[in-house]
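The values are calculated or read from the model by the stated rules, or taken from the named source; none is laboratory data. Not measured: the values here are computed from a predicted model. Every residue, glycine as well, gets a Cβ built from its backbone with ideal geometry; the counts of neighbours run over all protein chains shown.
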Amino acid sequence: MTANRSIRKRKKLSGIGFGEGCYAFLLLFFLCLFCKNGRYAADEMREGLLICAQSVIPSLFPFMVLSGMILASPVLTNLLARIAYPLQKWLNLSPTGAAAVCVGMGCGFPAGAVFAANAVKDGRMPQGEMPRVLAAGSNPSPAFFIGILGKELFGDVRKGLLLYGIVLLSQLTVGGLFARIPKNTVDSSPDPGAPSGTVRPIGSRFTTAVKDSAFGMLTVCAFVLFFSACAGASRAFFAAVGCPDSLQAALFCLTELTGGCFAAAKLPSPAISSALIAFAAGWSGLSVHFQLLTLTEGTTGSYHLYWQAKLAQGILCAVVGALVLK
């Protein structure tokens with residue numbers, strides 16, 4: 001009887017699930033942090049608002065509008081697909097999927113993700129390609145590498161460009177390896193309910209691109225503000241428990257790209273600092289991942305491959321960055 005009761009208890013607990021238990025714990029943990037360290041969270045949110053106004057919106061919004069208009073232009077879409085032909089072969093993607101990777105690599109996130117999501121909705125790209133497109137075409141913009149990493153953190157624009165090249169090469173390397181997964185394990189069939197691509201009037205293309213980009217921009221800024229508040233409350237907690245600076249920087253690199261890079265830049269060890277900055281640039285941070293998942297919601301069935309690929313990219317970038325950037 002005792003054994004039967006213990007089995008029933010285990011079944012009840014297992015019904016909750018380990019992931020749900022961790023999720024509930026984190027919610028309660030951060031609720032307590034915000035209640036205790038609300039002032040620090042508010043201060044970081046003000047900094048996040050400045051980042052959104054001075055950096056995020058000016059650098060991302062024009063690219064998002066233009067990427068939406070490029071997708072709606074048959075001439076530019078076909079031209080971009082032809083330019084991206086080598087990527088199409090290496091990453092095992094459709095022409096539109098390779099074009100979305102090009103947009104992401106050249107404009108930074110979330111331009112490539114928005115391009116790919118709209119392509120899936122219009123029936124121009126198979127739904128099953130979305131995780132691989134996101135993995136190979138989701139990186140910070142060149143302006144981030146040149147301005148924030150190159151000028152501000154490294155004090156050398158060439159190092160920022162070098163890290164940009166490392167991130168792109170890591171994406172192509174990992175993306176090419178993941179593209180060799182047998183096709184029967186990846187759903188690459190188009191969405192049967194998606195409408196066929198139609199050429200809309202130019203005025204309609206522009207207004208739709210601006211409207212969709214405005215919504216995407218609000219989503220991006222909302223995630224930046226929330227993770228800024230989490231970082232502010234967490235810093236006070238880490239200081240209270242005496243957490244090492246290197247561990248704090250690593251946790252911030254896992255969660256938020258810009259804050260993680262600035263935290264890593266303050267570390268005394270050049271090798272650890274360079275490795276963490278490179279990891280943050282390749283991994284991109286949970287804040288960015290949730291932004292992309294929100295903007296592409298309903299256009300793919302599973303993101304497991306995307307998470308695995310981004311983690312592999314971050315580790316690869318960290319190894320190379322520690323060797324060549326310090």
Condition met for GLY232 (more than 23 Å from PHE154 (Cα to Cα), small (Gly, Ala, Ser) and in contact with a helix residue (DSSP H, G or I) (Cβ under 8 Å, 6 or more places away or on another chain)): yes
Condition first: farther than 14 Å from CYS253 by Cα, buried (at least 19 other Cβ atoms within 10 Å of the Cβ) and of a type in the set (A, V, I, L, M). Now tell me which residues in the range 269-304 satisfy that. LEU292, LEU295
Any idea which of GLY21, GLY15, GLY38 is at pLDDT below 75 and surrounded by fewer than 19 Cβ atoms within 10 Å (Cβ to Cβ)? GLY15
Is it the case that some residue within the range 245-257 is of a type in the set (S, T, N, Q) and crowded, with 24+ Cβ neighbours inside 10 Å? no
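Residues in the range 117-156 that are part of a loop (DSSP other than H, G, I, E, B), among the small types (Gly, Ala, Ser) and more than 15 Å from the chain's Cα centre (by Cα): how many?
2
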Among CYS52, CYS107, CYS102, which is the only one that is more than 26 Å from LEU169 (Cα to Cα) and under 17 Å from the mean Cα position of the chain (by Cα)? CYS52
Residues of the range 85-111 satisfying the condition of being surrounded by fewer than 23 Cβ atoms within 10 Å (Cβ to Cβ) and without any contact (Cβ under 8 Å) to a residue 24 or more places away in the chain: TYR85, PRO86, GLN88, LYS89, PRO95
The listed residue being touching a Phe, Trp or Tyr at 6+ places or on another chain (Cβ under 9 Å), of a type in the set (Ser, Thr, Tyr) and at pLDDT 75 or above, out of SER228, SER213: SER213
Output the number of the condition that VAL114 fails; it satisfies all remaining conditions of (1) assigned to a helix (DSSP H, G or I); (2) surrounded by fewer than 23 Cβ atoms within 10 Å (Cβ to Cβ). (2)
Being loosely packed, with under 15 Cβ neighbours inside 10 Å, over 23 Å from LEU295 (Cβ atoms) and at pLDDT below 85 is the requirement here; does VAL157 meet it? no
